[in-house]
Amino acid sequence: MADSNARKGNGFFAKLKERLTKSRSWLTGSLFGRAIDDETLEEFEERLLTADVGVEVTSWLVERLRKVKGGSAEAGTEALRTALLELLRPVQVPLEIDPSRKPFVILVVGVNGTGKTTTIGKLGHRLRAEGRSVLFAAGDTFRAAAVEQLQEWGRRTSIGVVSQAPGADPAAVVHDALAAAKARGIDVVIADTAGRLHTSKGLMDELEKIRRVVARFDPSAPHEVLLTVDASQGQNALAQATEFHERLGVTGLAITKLDGTAKGGVVLAIAKKLRVPIRFVAVGEGVDDLAVFDAEQFIGALIGERAA
Ligand SMILES: Nc1nc2c(ncn2[C@@H]2O[C@H](COP(=O)(O)OP(=O)(O)OP(=O)(O)O)[C@@H](O)[C@H]2O)c(=O)[nH]1
Ligand SMILES: [Mg+2]
């Protein structure tokens, strides 16, 4: 995975930088043109708060910057970079597919519209490009269109899809997929799930049931519970992520829709609060618009310099 990130990563993060900063950084643009003073700190605080960074991370970052008050713009940028690295390095933990777990089971969860199915398509493509065999499980049986959407991704990526009729028991679909994968010697199963509102108790119960059925098949599975978080949903995304994590024990995050209007601030909030590895970031709907999260490059994109 590291190799393919190196291959695709630079172009991807250049694109991310362009999206996050447009012409200049929302975070630091025109701010550090002079020595760090009270006015700079205030403006910095305001920018963070309006970018979904949240109160906690904002005050932490402002305090870090206050320590270099009176210092140069470069000192400010460096203090900011250091603080952001402290926050994001620990969550830069790539997804490793353990080949001794066969099939390696990835359960993808998240609120509807956050990008589960799209991320599954892209991730399947990435894993296949690394030489692994992949099978998709159409565990979102809530809507007929959901199965069709996954099947379309299956066609685009030449990955098989195990599905049943709409309305079928999602846990049964996932179980079928695991059995098929085992029989065929498939390396990785990626299971799609429904994503109606996180406030619906029914959804969490259903996801827990899928989790139990997977664990009955293989006690070490699921090996990854990947939560998709839509960066454009701001602090609401943080609330969703927290609830999914509490109920399901999320082991990795894919932050989607970092293109569009999102400034990426919620990534900082989530890193601070959940401390769950950020596996991937996405900036579009295309098959290659998914990159392994790289803290330094992400920070470069935020600050608007040193990005590839
Ligand atoms: N711009 C942009 N659009 C994205 C990204 N990821 C997903 N989308 C789009 O967001 C919409 C929802 O994505 P889905 O993958 O269907 O989301 P989902 O979580 O499976 O949604 P449900 O099946 O309804 O629960 C689709 O139109 C995707 O093409 C991204 O990184 N950037
Ligand atoms: Mg879906």
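The values are calculated or read from the model by the stated rules, or taken from the named source; none is laboratory data. Please read all numbers here as calculations on a predicted model, not as lab measurements. For neighbour counting, all protein chains shown are included, and Cβ atoms are generated from backbone atoms with ideal geometry for every residue, glycine included.
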(message) Could you check the range 140-180 and list, in sequence order, the residues that are of a type in the set (A, V, I, L, M) and farther than 11 Å from ASP192 by Cβ?
(response) ALA144, ALA145, ILE159, ALA165, ALA168, ALA171, ALA172, LEU178, ALA179, ALA180
(message) With the structure loaded, tell me whether ALA237 is within 24 Å of LEU207 (Cα to Cα) and away from ligand 1 (no atom under 11 Å from the Cβ) or whether it fails that test.
(response) yes
(message) For the range 113-228, give me every one of the strands (runs of 3 or more DSSP E) that falls completely inside it and has 2 or more residues that are within 16 Å of ligand 2 (Cβ to nearest atom) and under 28 Å from THR242 (Cβ atoms).
(response) 134-139, 188-193
(request) Write out, first by first residue and then by second, each pair whose Cβ atoms fall under 9 Å of each other, whose residues are 6+ apart or on separate chains, and whose first residue, in the range 177-195, is within 17 Å of THR228 (Cβ to Cβ) while the second is among the acidic types (Asp, Glu) and within 16 Å of ligand 2 (Cβ to nearest atom). (result) ASP192/ASP140; THR193/ASP140; THR193/GLU206; ALA194/ASP140; ALA194/GLU206; GLY195/ASP140
(message) Among the residues that make up the range 49-61, is at least one of them of a type outside the set (Val, Ile, Thr), at pLDDT below 90 and outside any loop (DSSP other than H, G, I, E, B)?
(response) yes
(message) Anything in the range 124-139 that is surrounded by fewer than 24 Cβ atoms within 10 Å (Cβ to Cβ) and closer than 15 Å to THR193 by Cα? List them, or say none.
(response) LEU135
(message) From the list ALA269, ALA239, exactly one residue is surrounded by fewer than 17 Cβ atoms within 10 Å (Cβ to Cβ) and at negative phi. Which is it?
(response) ALA239
(message) From the list VAL276, VAL283, VAL292, exactly one residue is within 16 Å of ligand 1 (Cβ to nearest atom) and modelled with pLDDT of 95 or more. Which is it?
(response) VAL292
(request) Could you run through the range 96-147 and say how many residues are free of Cβ contacts under 8 Å to residues at least 60 places away in the same chain and either of a type in the set (Val, Ile, Thr) or away from ligand 1 (no atom under 11 Å from the Cβ) (or both)? (result) 12
(request) Within the range 243-250, identify whether any single residue is among the acidic types (Asp, Glu), assigned by TED's automatic domain parsing to the domain that holds ARG212 and surrounded by fewer than 21 Cβ atoms within 10 Å (Cβ to Cβ), and answer yes or no. (result) yes
